[in-house]
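For reference, the structure is listed below as structure tokens.
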Amino acid sequence: MVKSGIKIFARFRPTKKATGLYSLGEASDSTPTVSFTIPRSEASGAVNNKKELYSFRFNRVFEQSTKQDEIFEVVAQGVIDNCLEGYNGTIFAYGQTGSGKTFTITGGAERYSDRGIIPRTLSYLFQQYEKSPGTIYTTHVSYLEIYNESGYDLLDPKHEASRLEDLPKVSLLEDSDGNIHLKNLSLHQTTNEEEALNWLFLGDTNRMIAETPMNMASTRSHCIFTIHIGSREPGSDVIRKAKLHLVDLAGSERVSKSGVGGMLLAEAKYINLSLHFLEQVGSPLECFQVTNYKFYDYR
């Protein structure tokens, strides 16, 4: 059965010391909620009517002790099953810099159990292929990095010998039928899990990473790992195709708190601006679910 719709999950990263207080609860319709209490600043001689309690609703909330395998099973597995049925899917991690987005999407390098959504997805896909030996599957991968509003191919064969800025830029083109194409973004066929993981590791090696006051290894770009899945049933001439986009967004940050300057400041401006545009897409989608609102400002 195909699952559809937009789902939003919250995950709390473990911290070494106490941070802001939050509480978990449920709304009247049993929807999980997260509430934060932010005390008003005591400004002398002024009335501060700023609210103190902020509450947010999610499809599910993962506590600090949640393991990577549970994240994959709840967040990603249903989306992957839909892609195997021919439906496109997207999963992206959004949050402040240093909140654990890259760890959730790609994973950690210290332990095998720390694998993130992308490597687990590749493993799961090829396991599912083996369960249907009569079906012919094809798998291709691409890895796009968007850095300072410019796109780059992380799997370009020249990447190891060139600076990022010296590579051909990936450009967005639209054909006469309204279909979107990415020029200069390479597509690589993989026949097994090992080949797919090698492409993932190559792309991760080429990502733009820098140290900031809020994160020792902050990814300074948005990265989109796309898996193109094709399948044909035995005796059928119909080829079913789907794309699964796994997105690691750059972390948002308040420049006034991070204290960055120079190139890091320019990067932060581009990051925050692009995340603002993403909000302009998400807000109308929420309105559509509630009020059947059908106008979208951005693609």
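Please count how many residues of the range 46-72 are touching a helix residue (DSSP H, G or I) at 6+ places or on another chain (Cβ under 9 Å), open to solvent by 40 Å² or more (accessible area, probe 1.4 Å) and closer than 19 Å to residue 128 by Cα.
Total satisfying the criteria: 1.
Please find, within the range 167-188, the residue that is least open to solvent (accessible area, probe 1.4 Å) out of those that are under 18 Å from residue 202 (Cα atoms) and at pLDDT below 80.
It comes out as 167.
Give the range 188-208 a look and list any residue that's assigned to a helix (DSSP H, G or I) and either at positive phi or hydroxyl-bearing (Ser, Thr, Tyr) (or both), or say none.
So in the range 188-208, the residues assigned to a helix (DSSP H, G or I) come out as 193-205.
Residue satisfying the conditions is 205 alone.
Taking the range 216-257 as the search range and keeping residues that are modelled with pLDDT under 80 and open to solvent by 40 Å² or more (accessible area, probe 1.4 Å), which one is nearest to residue 76 (Cα to Cα)?
Filtering first and then ranking leaves 217.
Need the failing condition index for residue 123 against (1) at pLDDT below 95; (2) surrounded by fewer than 18 Cβ atoms within 10 Å (Cβ to Cβ), just the number.
Checking residue 123 against (1) at pLDDT below 95; (2) surrounded by fewer than 18 Cβ atoms within 10 Å (Cβ to Cβ), the one that fails is (1).
Yes or no, residue by residue, for (1) under 20 Å from the mean Cα position of the chain (by Cα); (2) farther than 16 Å from residue 203 by Cβ; (3) surrounded by 21 or more Cβ atoms within 10 Å (Cβ to Cβ); (4) touching a residue at least 12 places away in the same chain (Cβ under 8 Å):
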position	(1), (2), (3), (4)
94	yes, yes, no, yes
109	yes, no, no, no
119	yes, no, yes, yes
134	no, yes, no, yes
149	yes, yes, no, yes
153	yes, no, yes, yes
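The values are calculated or read from the model by the stated rules, or taken from the named source; none is laboratory data. Just so it is clear, the model here is predicted, and its values are computed rather than measured. Counting neighbours? That spans all protein chains shown, and the Cβs are built from the backbone with ideal geometry, glycine included. These accessible areas exclude ligands, DNA and RNA; they are computed on the full protein's heavy atoms, side chains included. Shrake-Rupley method; radii C 1.70, N 1.55, O 1.52, S 1.80 Å.
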